[in-house]
Amino acid sequence: MYKFAYIDKLPTKKSEKMWFGNHIHQTLKFILDDPYHLPTQAETIRFYAENFDKSFFSEEKTSQNYFENGLKIIESFYRKISEDTPNVVTTEDKFAIPMGEHTISGIFDRVDKIDEESFEIVDYKTGRVPDQRIVDRDLQLTLYDWAAKQKWPHLKNVKLSLYFLAPDLKLSTQREKKHHLELEKTVNQTADQINQQKFEPTPGPLCNYCDFAEFCPLMKEKFRKEKKQIDQIINQYLKFKAKELSANLESEKLKPHIHNYLDQTGAEKLFSDLGTISRQIIPYHQYDHKVVREILEPKGHWLDVTKIDNYKLKQILTELKLTPAEKEKIDKSKKLIRENKNLIAKFKKR
Ligand code: SF4
C-alpha cells in the first residue's frame, strides 16, 4: 500500500466513511477548541449540520443515515463534555519527532491533563470496538506514548485511550520502555524495507477495502472482466482440491482403526481387492550437539553437518543491534538457492 500511495502516488478513491470520520473529528475539535468557553449545543449542531457535505455521498439515503448517526454521536459527546469538562491540553495536535535517523509524525486527536505528571492521550474512533487485548498491543498507541513522552519529557504517566464514539466507550491502556524499544525496531525494519524498495503485499482484512487493490498482484485478478481459459482451469483445480480435502478428512478418520488393528495383530501390511496398506515406522533421533561437535570438529567435518537455521537467524538479526555495514555484509552473503511455489486453495463459504 505504501508504494502505491507514496511512491507511485496513485490517487485514492473518495471514502464516505473516512470523510464522515474526519467531519466528526472537526466537530469535536470545534467543541473543545476552548474548553473554558464551550460553544452552546445549538452552535455545535449548527456547525455539524452546516459543514455536512451531502454531495460527498453516492445516495441520499446513505447521506441521511450518516448524518443522523453523526448527530447522535455529537449530542452524546456534547452532553458528556458539558457535564464533566476535561482539562484539555491540546486537540488535533500535529507532531513530527526524530527517532534515530527517521522522523515520526502523527496527530494527537486530544490530550488531557490528569495531573502535573500524567496526561491522557485520547484517540477518537468511529469504527467497531475491538478486544482489550488488541488495544494493549496496538502499535499506533505505542507510537503516541513514545511521542507524548518526547514532547512532554516531564511526564511520568501516560494513559492511552481509544474513545469509541458510537457506543460511547473508552478502552485504555499503558506502555513501558520495552514497548518503545519494540517500536524502534519496527520503525527501523520498515525504513530498511522502504530504502531497499522491498514492497511485498501484506494480505489482511483491509485488502477488501483497499484503494489500490486493482493494481496489487494479490488482488488485481479479481477485477479482470475479460474471460480467459485459465478460469476453467481454476475451477477444475478447486474442484479437485475440494475432493482431495474431503477424502483426506475421511481417510484421517480411518487411520486410528488401521493402526489399532496392526498393533493388535502384530501385522505390518494389510491386503484387499483394491490394493495393500503397509505401515512404515520412521524413527526420529536427536544427537547430542556437544558430543558430535567434540568428535567432528577436530577432524574438520563439523561444518559439513551443521547448517544455518534461517528462521532463528532472522530472529537474532532483528534483536541484535548490528551496524549498517554488518547488516549489509550479511545481506549480501545471502544467495537464493531455490523457490518453492505453493498454491494455496481457499473455498468460498456457502
Ligand atoms: S490489496 Fe492488500 S496487499 Fe495489496 S496493497 Fe492493498 S492492502 Fe496491501
Practice task
Sort M99, M18 so the one with the fewest other Cβ atoms within 10 Å of its own Cβ comes first.
Solution key: M18, M99
Exercise for the section: Would you mind counting up the charge near D304? Only other residues with Cβ under 13 Å from its Cβ, with Lys and Arg at +1 and Asp and Glu at -1. Expected result: +2
Completion exercise
Ordered by number, the GluC sites (Glu not before Pro) in segment 286-341 that occupy a DSSP loop and have at most 16 other Cβ atoms within 10 Å are E339
Handout entry: Distance violations [Cα-Cα > 26 Å] among K80/K177; K253/K349; K228/K335; K94/K220; K220/K341; K321/K341
Key = K80/K177; K228/K335; K94/K220; K321/K341
Fill in the blank from the handout: Rounded to 0.05, the calculated FRET efficiency for the beta carbons of K346 and A247 at R₀ = 25 Å is 0.85
Problem - Spatial separation of Cα centroids for segment 24-101 and segment 267-308, in angstrom - result: 67
Practice task
In nm, give the distance between the simple-model label positions of I97 and A267, each being 7 Å from the Cα along the Cα-to-Cβ direction.
Solution key: 7.3
Fill in the blank from the handout: Neighbours of G21 by Cβ distance under 12 Å: Lys/Arg at +1, Asp/Glu at -1, summed charge -1
Exercise for the section: Output ³J(HN,Hα) for segment 33-44: one whole-Hz value per residue in order, computed from phi by the Karplus curve 6.51 cos²θ - 1.76 cosθ + 1.60 with θ = phi - 60°, and x for Gly and Pro. Expected result: 4, 10, x, 7, 9, 5, x, 6, 5, 5, 5, 5
Handout entry: Given K113/K178; K113/K185; K299/K327; K14/K125, the pairs whose alpha carbons are separated by over 26 Å
Key = K113/K185; K299/K327
Exercise for the section: Any aspartates and glutamates with Cα under 15 Å of the K225 Cα? List them, leaving off those in the same chain fewer than 8 positions away. Expected result: E214
Fill in the blank from the handout: With Rh as the Kirkwood radius over Cα pairs, segment 289-331 has Rg/Rh of 1.14
Problem - Sorted by Cβ neighbour density within 10 Å, fewest at the top, the residues V158, V187 - result: V187, V158
Exercise for the section: Name the residue farthest towards the positive end of the dipole of the chain from the options V187, F212, G300, assuming +1 on Cβ of Lys and Arg, -1 on Cβ of Asp and Glu, about the Cα centre. Expected result: G300
Fill in the blank from the handout: Final fewest-first order of D123, D309 on the 10 Å Cβ neighbour count is D309, D123
Practice task
Equivalent ellipsoid semi-axes for segment 229-271, as square roots of 5 times the alpha carbon gyration tensor eigenvalues: give them largest first, rounded to whole Å.
Solution key: 36, 9, 4
Completion exercise
The answer for GluC sites (Glu not before Pro) in segment 138-189 that fall in a DSSP coil and have at most 11 neighbouring Cβ atoms within 10 Å is E176
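Please report, largest first and rounded to whole Å, the three semi-axes of the ellipsoid equivalent to the chain, where each semi-axis is the square root of five times an eigenvalue of the C-alpha gyration tensor.
52, 33, 23
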Practice task
Could you size up the charge dipole of the chain around its Cα centre, putting +1 on the beta carbon of Lys and Arg and -1 on that of Asp and Glu, and report it in debye to the nearest 20?
Solution key: 1700
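Every read-out reported here was derived from the displayed coordinates using simple, explicitly stated rules and does not represent laboratory data. In this text, all values refer to a predicted model and were calculated from it rather than measured experimentally. Note that we place each Cβ from the backbone using ideal geometry, even for glycine, and neighbour counts take in every protein chain shown.
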